[in-house]
Amino acid sequence: MSEPLQAPRGTFDILPEQAPLRLAVENVTRSVLESAGYERIETPTFEPTELFTRSVGEATDIVQKEMYSFTDGGERSLTLRPEVTAPIVRAYLQHGMHKLPQPVKLWYLSSCFRYERAQKGRYRQFWQIGAEAIGSDDPAVDAESIALLAEILEQLGVQGLQLRIGSLGGSAARERYRELLKAHLRANEDQLADDVKARIDLNPLRAFDSADESTRAVMATAPLLLDHLDKEDLDHFAQVRSLLDAIELPYVIDPTLVRGLDYYARTVFEFSSDALGAQSGVGGGGRYDGLAEQIDGPPTAGFGWAAGVERILLAAEGLPEPEPLTVLFIARADDAAATTATSFALSAAARRAGVPTQIELAGRSIKGQFKHADRVRARYVAAVSSSGIELKDFESGETTRFEDGDAALAAVLRGRGIS
Ligand code: HAM
């Protein structure tokens, strides 16, 4: 016989034992963001391919080689979302959210798809938590959003965090700077790695990301964008930094911070963790004031971030041990039809009363049923038989006999402080 089919490379099943930790990430994210006025949004898993080519950018790795694109029955090119910011800006425009009080603050927990080289912390389907504040270019939006991610990562116990921030300025300054950088790269072309050389015109900024030693030596003397920003953008960046200083959130200014998406302008940032290996980026984002226009919307400011759920879990310590879910296990001490009916009715009544309850579903012996109750960490076992119900409380060690289910349930409720 051949092996059973496996999940695709770079994907993973979220097994029941991992569910509680992932729920903790969701709950902390919700509580921190909703307390700050963010509301949840969910967009479709696939979008028109054009949404990403226009916003994330034709020259990026994501668009050039990582998108899962397909043609549907109506001959439209669709793409499984590689990220969620462009879909959310699309939804903002589509639903006229500019009419709401600004900025519109939205959060999400969504799966994303990128055809990347799979390794620890890098998958082809992964999950992001994220927050987007659309409709204001106030530097307080940037600082607050960064602070909220810091709070989430701290509450989740993510270890060894470092925050790097930078500014890419506005498009005019970036254009002028690109020409300067291209000239520097051309002047040193013979020392550059082939992939960097091939992208001098398309995406010169990515040269800062190169791991090649000789390229890195060239980049060490390259002009820096931060030294060529317009005054307005420098002021904006200074205000973001002063607000981060006001809450004593430590950061390093990284003038060469390059993000893998082309829609950024002004502030960019990234949290990395030294508890992770090569894939050290836990979360990042920035300002994207030009994105809406790239998809035919009016000029609209925006700022946001996303963080990888799997990377958070890899770098987190001290997440809470999950509480046992089952309180009452109903065992059947004999095979009489009345016993089965009584235990079934008791389970329904217990659930209605709010007591998490499991029943025997696999025909185990009574000893096996007690063992199973222990495995699911139930506090009580109600052993139902033709002659009544024996309720064992594992917390007190006491066993009490009852004539019927109602009396046994009343005892469970009293034991849990509900009467
Ligand atoms: P990103 O930096 O491409 O930004 O992704 C954000 C986070 O998603 C990364 O820091 C990382 O934790 C996680 N991540 C990315 N790729 C993978 C992967 N292949 N496997 C596992 N985790 C991964 C964005 O996606 C932007 N949309 C963020 C943003 C929101 N900017 C503004 N608003």
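Could you calculate the contour length gain from D13 to L224, that is, 0.36 nm times the residue separation minus the distance between their Cα atoms, to one decimal place in nm?
Details: separation 211, 0.36 × 211 = 75.96 nm, distance 4.32 nm.
That pair, D13 and L224, stretches by 71.6 nm at full extension.
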Once the dipole of segment 1-107 is set up with Lys and Arg at +1 and Asp and Glu at -1 on Cβ about the Cα centre, which of T49, P82, S31 lies farthest towards its positive end?
S31
What list of ³J(HN,Hα) couplings, whole Hz, do you get for segment 117-125 from phi and the Karplus terms 6.51, -1.76, 1.60, once you set θ to phi - 60° and write x for glycine and proline?
5, 6, 7, 4, x, 10, 10, 8, 10
Over the Cα atoms of the chain, what Rg and Dmax result, in angstrom?
28.0, 94
Which percentage, to the nearest 5, of the DSSP beta bridges contained in segment 1-139 is antiparallel?
90
Per the rule of 0.36 nm per residue minus the C-alpha distance, extending R178 to E317 adds in nm 45.9 nm
In segment 353-419, if the dipole is taken from +1 on Lys/Arg beta carbons and -1 on Asp/Glu beta carbons about the Cα centre, which of S365, G388, G415 is farthest to the positive end?
S365
Rounded to whole Å, give me the distance from the Cα center of segment 171-186 to that of segment 248-297.
20
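About its Cα centre, what dipole magnitude does the chain give when the only charges are +1 on Lys and Arg Cβ and -1 on Asp and Glu Cβ, stated in debye to the nearest 20? Numbers along the way, then the final one.
Values: 45 positive and 62 negative charges, 199 e Å.
That gives the chain a dipole magnitude of about 960 debye.
Hey, what number do you get for the chain at 222 nm if only DSSP H runs of n ≥ 4 count, each worth -39500 (n - 2.57), divided across all residues, to the nearest 500?
Values: 13 runs with 145 residues, N = 419.
After summing the helix terms and dividing by residue count, I get -10500 deg cm²/dmol.
S77 to R364: FRET efficiency via 1/(1 + (r/R0)^6), r the Cβ-Cβ distance, R0 45 Å, to the nearest 0.05?
0.25
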Taking Cα atoms, how many degrees apart are the long axis of helix 85-94 and the longest axis of the chain, rounded to 10 and kept between 0 and 90?
90
Under a Cβ-Cβ cut-off of 12 Å, what is the net charge of the residues other than S145 that fall near it, where Lys and Arg count +1 and Asp and Glu count -1?
-3
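For L23 and A338, what is the calculated FRET efficiency with R₀ set at 35 Å and r taken between the beta-carbons, to the nearest 0.05? List each step's numbers first, then the result.
Numbers: r = 39 Å, r/R0 = 1.12.
So the FRET efficiency works out to roughly 0.35.
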What lysines sit close enough to K182 to cross-link, taking a C-alpha to C-alpha distance under 18 Å and skipping anything fewer than 8 places away on the same chain?
K197
If I model a spin label as a point 7 Å beyond the Cα along the Cα-Cβ vector, how far apart are those points for E3 and A278 in nm?
2.2
Partner aspartates and glutamates whose C-alpha sits under 14 Å from that of K392, ignoring same-chain residues fewer than 8 away, are D374
Taking a crude spin-label model, label points 7 Å out from Cα along the C-beta direction, the R216 to A36 distance in nm is 3.3
Is segment 6-118 rounded, prolate or oblate when judged by the Cα gyration tensor, a ≥ b ≥ c being the square roots of its eigenvalues, rounded requiring a/c under 1.5 and prolate requiring a/b larger than b/c?
oblate
In a Gaussian network model of the chain with springs linking alpha carbons closer than 10 Å, the residue among Q369, Q64, Q128 that fluctuates most is Q369
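Loop-only check: which GluC sites (Glu not before Pro) in segment 240-332 are DSSP coil with at most 16 other Cβ within 10 angstrom? It would help to have the intermediate numbers written out before the result.
Details: sites: E248, E270, E293, E310, E317; in loops: E248, E317.
Here the sparse-neighbourhood loop sites are E248, E317.
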Given a Förster radius of 35 Å and the C-beta distance between T45 and L249 as r, what FRET efficiency does 1/(1 + (r/R0)^6) yield to the nearest 0.05?
0.55
Calculated from backbone phi, Karplus (6.51, -1.76, 1.60) coupling profile of segment 218-228 in Hz, x at Gly/Pro
5, 6, 5, 10, 6, x, 10, 4, 4, 7, 10
Specify the residue with the greatest mean-square fluctuation among V252, V28, V158, computed from a Gaussian network of the chain linking alpha-carbon atoms under 10 Å apart.
V252
Describe numerically, in nm with one decimal, the distance between label points set 7 Å from Cα along Cα→Cβ at Q159 and at K197.
4.3
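Where a number appears in this text, it was derived from the coordinates with a stated rule and is not lab data. Just so we're clear, the structure is a prediction, and the values are computed from it rather than from any experiment. Note that we place each Cβ from the backbone using ideal geometry, even for glycine, and neighbour counts take in every protein chain shown.
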